[in-house]
Amino acid sequence: SSSRAMIFKCYKGNDNTAAQKTYFTKVHGLPSITPLISSVQETPEPIPTTVKGTIPTWIHWSLLRNGPGKFEFGNQHYNHWFDGMALMHRFQIEDGQVTYRRRTASEFGTLALPDPCKNFFQRFLSRFEMPKPTDNASVNFVKYKSDYYVSTETNYMHRVDPDTLESKQKVDWSKFIAVNGATAHPHFDPDGTAYNMGNSYRNKGAFYNIIRVPPERNGPEDTLEGAKILCSIAPRDKSKPSYYHSFGMSENYVVFIEQPIKMDLFKIVTGRLRGKSLNEGVYWDPNQETIFHLIDKQTGKEMPVKYYTKALSTFHQINAFEQDGFLMLDMCCSDDGQSINNFLIQNLRQSGEALDEMYNTMSRPYPRRFVLPLNITSETPLEQNLNTRPDSTVFCTFEDLHGEDLKDYGGLEFPHINYARYNTKPYRYYYGCGFRHLVGDCLIKMDLESKKFKVWRQPDLYPSEPVFILSPNAEEEDDGVILSVIITPVKDKSTFLLVLDAKTFEELGRAEVPVNIPYGFHGVFNSSA
């Protein structure tokens, strides 16, 4: 019948070469980055920086960043990088000058220590359990109804003052909707409506949920009031849901990527009784395909079509947009998903051959485009190329959004675009970090038209995720600047905020910070400061 679920295999005829790509490396002599994964103290009051070069005076807002900043409490030590206690950073830019401050995320002004015994995977598992007190929101700054929160992947967020970084309120997703957490990567419609994803665990098993948060607030104490579950999606196996870090969104659809990084809930829950480590329950299954789920944002209904592709892993999407009856989904992905278990602190602090071996056994992430046909019915023939665009040879396997020369830079992750103007729209440029190490070691600007790129790289310097800032009266897509926090393991107190011309990718200036900063995850530009 017309209501039956359709399955569209995203393969290009009998040519499966694209589906077989797996990129590993053979590097030797990687330098130690131990100082980048070290605890630091708070600097709750703004401290001045030393500006070299020129920082445009039209930038008069703040860059907010988040990431782990404390890894030891007395004799207790965290094991996983993602478990370090959240440290919030604020670079205030005004009249060509910059100040810096940082605070740990705490509850109502009282330091709340995260449980060192509750590691990253246990915190993720809280998506499937009843909420438990104290969670460590160390992944990103997110915005709901004009308020800023620090967030991770559990049910708790902390609402913070973006100027002082003081924690104002702990907010529990499960008090508003029946989910046990949400990602730290929401997407936004032009009117401010936010979309996110969170899991729930019911008698019938686990479910993935699409969440919608309205842009309006009804009073100063309003947080997540009005949040609704737009759609619930059943996993392929309800006892073994997939791990996910983010999702895609076009103008009319939410795109959920169900990848074969699986969580065996039975093994996880019973691991302690069986004397097994929790990591045993989180595994990569290369024999399972990846499924793209499309959910109509207006109706809340999942499309009956199922889009399948080979096994891949992904943390971040670049952009998604609709064109000529197709949905273009661009994302950074690799052909192997075992690296999620590799980011133990002892691994990041390795040196010599052990460090080289770990890096070389991790598949490199690369930007790819999947083209999903939207106009499919029960009458559409299967097993044929449905991409009829006359000006392209892109198939639903994927198109590489890069040339072969990107391999020399270790692939690309932490993608960013001109989100303010080109989110859910056709676009030309994206930015990211090259990964010739376990952390980003260069900044890259990619031109989708030519697949050529520009690089900013200097020896022993490790940049954070690039953040694009649109310049006043901008006419072209890349009229603006790139901000990135640069740190180094070889020289003490040599951190700086880098400002690049987004068009030329040349350095405009830097603000040198007189304290060390650990390697972080994500951030946002607060234009309302």
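Every read-out reported here was derived from the displayed coordinates using simple, explicitly stated rules and does not represent laboratory data. The structure displayed is predicted, hence computed values, not measured ones. Positions of Cβ are backbone-derived with ideal geometry, glycine not excepted, and every protein chain shown enters the neighbour counts.
Along region 307-322 the Karplus relation, 6.51 cos²θ - 1.76 cosθ + 1.60 evaluated at θ = phi - 60°, assigns HN-Hα couplings of 9, 10, 9, 5, 4, 8, 10, 8, 10, 9, 9, 8, 6, 8, 8, 9 Hz to successive residues, with x for each Gly and Pro.
Sorted by mean Cβ packing within 10 Å, highest first, what order do the peptides 43-50, 511-518, 331-338 take? Walk me through the numbers before you get to the answer.
Details: 43-50: 13.6, 511-518: 19.6, 331-338: 21.8.
Highest-to-lowest ranking by the protection proxy: 331-338, 511-518, 43-50.
Which order, highest average first, do 472-478, 365-371 follow once you tally other Cβ atoms within 10 Å for each residue and take the mean per peptide?
Numbers: 472-478: 12.6, 365-371: 23.7.
Listed from highest to lowest mean packing, they are 365-371, 472-478.
Between the amide H of Tyr430 and those of Met446, Leu448, distances stay under 5 Å, these residues lying 5 or more places away or on another chain, with hydrogens modeled in the peptide plane.
Taking each pair of distinct Cα atoms in region 393-529 once, what is the resulting Kirkwood hydrodynamic radius in Å? Spell out each step's value before the answer.
Working: mean 1/r = 0.0635 Å⁻¹.
About 15.8 Å for region 393-529.
Full extension of the chain segment joining Lys493 with Lys451 gains 11.4 nm, where the gain is 0.36 nm per residue of separation less the Cα-Cα distance. In a reduced charge model with +1 at each Lys and Arg Cβ and -1 at each Asp and Glu Cβ, region 279-349 shows a dipole moment near 180 debye about its Cα centre.
A Förster distance of 22 Å, applied to the separation of the beta-carbon atoms of Ser239 and Asn287, puts the FRET efficiency at 0.80.
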